[in-house]
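Please read the structure below before turning to the comments.
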Amino acid sequence: MDIIQAARGNGCRRIKLITNGRAFSHAHYLQQVINAGCSLFEISLWGSNPNFHEYLSRTPGSFWETVRGLENLSGIPVDKFVCLRIPVCKENFSDLENIIVTALNFGTNRIILSMQDSTLSFQSALPHIINGINISIFNRVWILTEGIPFCLMQGLEQHISEIYSGWDTLYERMYQQHKQCPECVYKELCPGTGVSYIKQFGDGEFSPVRAGKCFQDIKVLYA
Ligand code: SF4
């Protein structure tokens with residue numbers, strides 16, 4: 001709370017809180033956070049039910065606390081922006097569509113599907129990710145992916161978060177191009193794939209993009 005107030009006092013107009021949302025299960029605490037000047041929230045949801053969510057959060061009771069936090073947030077009558085971050089991993093990818101529906105029930109403004117598990121193949125996760133993107137589009141909620149290269153997102157390029165935020169920092173260290181990349185139109189924009197992912201699964205899932213319909217538009221965003 002002190003940090004939010006200090007940031008506000010120093011003239012910061014957009015203050016974003018990244019949290020598991022559990023503390024917002026106490027409505028009076030949430031109200032204090034909002035009164036202190038925070039109106040942007042990013043909340044992580046690992047599953048659509050306690051079994052999935054708490055297996056990954058390793059905290060009994062955390063699912064319902066996060067859900068109550070989201071309910072309190074959606075019910076509070078102030079201007080705010082709520083982003084749901086869904087880390088995608090081998091323990092929860094089969095639940096992805098349900099997690100997205102859960103997120104939509106709380107009036108979420110944006111959803112981020114973040115591929116964070118190099119032991120989960122894109123081949124397994126992508127059908128659920130694509131279903132999830134379509135569910136979100138159908139419900140008119142903006143949805144983005146993290147960590148999925150252009151060649152696997154053809155036709156859905158506008159949902160790749162890195163075209164807006166860039167692939168630097170983390171990706172520079174952990175990603176590398178592989179033998180499919182030199183032939184790809186995105187080779188100057190895309191860092192490739194996770195080093196440990198390629199070690200485990202190889203590069204057979206990736207095909208170079210020869211002529212991306214959105215390539216010129218995406219290139220402009222990088223200029
Ligand atoms: S082929 Fe390589 S450069 Fe092209 S999109 Fe895929 S990972 Fe990126």
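The values are calculated or read from the model by the stated rules, or taken from the named source; none is laboratory data. Only a predicted model underlies this, so the values are computations on that prediction, with no experimental measurement involved. Cβ sites come from the backbone with ideal geometry, for glycine too, and all protein chains shown count toward neighbours. SASA here: full protein model, heavy atoms, side chains in, ligands and nucleic acids out. Shrake-Rupley method; radii C 1.70, N 1.55, O 1.52, S 1.80 Å.
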### Task
Return yes or no: is TYR164 in contact with a helix residue (DSSP H, G or I) (Cβ under 9 Å, 6 or more places away or on another chain), surrounded by fewer than 20 Cβ atoms within 10 Å (Cβ to Cβ) and not in a loop (DSSP other than H, G, I, E, B)?
yes
### Task
Residue by residue through the range 17-34, note down the ones that are among the hydroxyl-bearing types (Ser, Thr, Tyr) and surrounded by fewer than 19 Cβ atoms within 10 Å (Cβ to Cβ).
THR19, TYR29
### Summary
Among PRO191, PRO149, PRO208, PRO127, the single one that is near the ligand (Cβ under 9 Å from one of its atoms) and under 16 Å from VAL88 (Cα atoms) is PRO149
### Task
For residues that are open to solvent by 30 Å² or more (accessible area, probe 1.4 Å) and either in contact with a strand residue (DSSP E or B) (Cβ under 6 Å, 6 or more places away or on another chain) or closer than 12 Å to PHE150 by Cβ (or both), tally how many sit in the range 192-209.
2
### Query
Going through the range 35-44 one residue at a time, which ones are out of contact with any Leu (no Cβ under 9 Å at 6 or more places or on another chain) and in contact (Cβ under 8 Å) with a residue 24 or more places away in the chain?
ALA36, GLY37, SER39
### Task
Among what's in the range 170-187 and is open to solvent by 90 Å² or more (accessible area, probe 1.4 Å) and either modelled with pLDDT of 90 or more or in the same structural domain as MET115 (by TED's automatic domain parsing) (or both), pick the residue that is farthest from the ligand (Cβ to nearest atom).
LYS179
### Summary
Residues in the range 74-84 that are modelled with pLDDT of 95 or more, closer than 18 Å to ILE15 by Cβ and either surrounded by 14 or more Cβ atoms within 10 Å (Cβ to Cβ) or over 17 Å from the mean Cα position of the chain (by Cα) (or both) total 2
### Query
Got at least one residue in the range 139-151 being over 30 Å from ASN51 (Cα atoms) and either open to solvent by less than 10 Å² (accessible area, probe 1.4 Å) or in a loop (DSSP other than H, G, I, E, B) (or both)?
yes
